[in-house]
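Remarks on the structure that follows.
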Amino acid sequence: MWLVYTTILISFLLGSFPTGYILVKKYCGFDIRTKGSGNIGSTNVKRVAGSKLAYKTQAVDILKGVIPMLAATYIANNYNLPIDKNAYLSLTATAAILGHNYTPFLKFHGGKGVNTTLGTFIFIAPIPVLVGIILHLSLKKIFPVVAVRSIILGASIAITAIILKLPTPIIYACIFSAIVMVLRHRKNIIELLNKNK
């Protein structure tokens, strides 16, 4: 069981790497949490530091999900685990997402989890991820606000996973990540509702 716990812990720590904060601090010399929306994710990085750093942030945040899932997939395929393989992979994915969203390196104030969610779920729910990405990109003209499309992306991943009848642990992970994504965007939702009053 130690292998399971270790993988999940490492996944959380890798997810916790505050990419946007570190890149903006290094190349721009200021704390991104004091600019724009205050978020450390690629959307706010683009807003306050430009596209180049935003793309770098996005790439690393995706890798924060990909790397632990590569390791977990290898372990699941080569070792006899004391828990169900899908449960193990789902827990590993969820740990990376939570690490990104609530990084202990910034007093548990992290990003919103979109890129890291994509990086992890591409392994356990590839079709739902592709559906989410297609919707996110195709709805840009209808919903120009990134936060709205991000929420749609998270919800569509969960809904598609249910429709496709993926293994139960994976469905639970997709639903959980969608809920967390909505919670992480609640400030954006409140601002949009106030503007439309």
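The values are calculated or read from the model by the stated rules, or taken from the named source; none is laboratory data. Nothing here was measured: the structure is a model prediction, and the numbers come from that model. So basically every Cβ, Gly included, is an ideal-geometry build from the backbone, and we count neighbours across all protein chains shown.
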* Asked: Which of (1) touching a residue at least 12 places away in the same chain (Cβ under 8 Å); (2) farther than 19 Å from residue 151 by Cα; (3) not small (Gly, Ala, Ser) is the odd one out, the single condition residue 22 does not satisfy?
  -> (1)
* **Scope segment 32-65; condition more than 17 Å from residue 115 (Cα to Cα) and either in a helix (DSSP H, G or I) or touching a strand residue (DSSP E or B) at 6+ places or on another chain (Cβ under 9 Å) (or both); matching residues** => 32, 33, 34, 48, 49
* Structure fact -> Selection from segment 1-31 of residues modelled with pLDDT of 95 or more, in a loop (DSSP other than H, G, I, E, B) and of a type in the set (A, V, I, L, M) yields none
* Structure fact -> Taking segment 50-67 and keeping only residues that are surrounded by 18 or more Cβ atoms within 10 Å (Cβ to Cβ) and hydroxyl-bearing (Ser, Thr, Tyr), one is left with 57
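Tell me, please, whether a residue that is farther than 16 Å from residue 90 by Cα and among the basic types (Lys, Arg) can be found in segment 165-177. Steps first, answer last, please.
In the first step, residues of segment 165-177 are kept if they are farther than 16 Å from residue 90 by Cα; the result is none.
Looking for residues that are farther than 16 Å from residue 90 by Cα and among the basic types (Lys, Arg), one finds none in segment 165-177, hence no.
Suppose we filter 70, 139, 81, 130 for residues that are surrounded by fewer than 19 Cβ atoms within 10 Å (Cβ to Cβ), touching a Phe, Trp or Tyr at 6+ places or on another chain (Cβ under 6 Å) and not aromatic (Phe, Trp, Tyr); which single one remains? Talk me through it step by step, then tell me what you get.
On the way: 70 fails: touching a Phe, Trp or Tyr at 6+ places or on another chain (Cβ under 6 Å); 139 fails: touching a Phe, Trp or Tyr at 6+ places or on another chain (Cβ under 6 Å); 130 fails: touching a Phe, Trp or Tyr at 6+ places or on another chain (Cβ under 6 Å).
When all the criteria are applied, what remains is 81.
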* Asked: Is it the case that segment 149-161 has a residue that's surrounded by 17 or more Cβ atoms within 10 Å (Cβ to Cβ), more than 24 Å from residue 60 (Cα to Cα) and either touching a residue at least 60 places away in the same chain (Cβ under 8 Å) or in contact with a His (Cβ under 7 Å, 6 or more places away or on another chain) (or both)?
  -> no
* Considering every residue within segment 109-117, establish whether at least one is outside any loop (DSSP other than H, G, I, E, B) and either at positive phi or surrounded by fewer than 22 Cβ atoms within 10 Å (Cβ to Cβ) (or both). => no
* Asked: Are any residues in segment 111-151 more than 15 Å from residue 41 (Cβ to Cβ), at pLDDT 95 or above and among the β-branched types (Val, Ile, Thr), and if so, which ones?
  -> 120, 122, 124, 127, 129, 131, 133, 134
* To do: Select from segment 64-113 the residues that are polar (S, T, N, Q) and over 16 Å from the mean Cα position of the chain (by Cα) and write down the one among them that is nearest to residue 125 (Cα to Cα).
  => 86
* Structure fact -> From the option list 120, 94, single residue qualifying as assigned to a helix (DSSP H, G or I) and either more than 13 Å from residue 178 (Cα to Cα) or among the hydrophobic types (A, V, I, L, M, F, W, C) (or both) is 120
* To do: Return the only residue of 74, 102, 79 being farther than 16 Å from residue 9 by Cβ and out of contact with any helix residue (DSSP H, G or I) (no Cβ under 8 Å at 6 or more places or on another chain).
  => 74
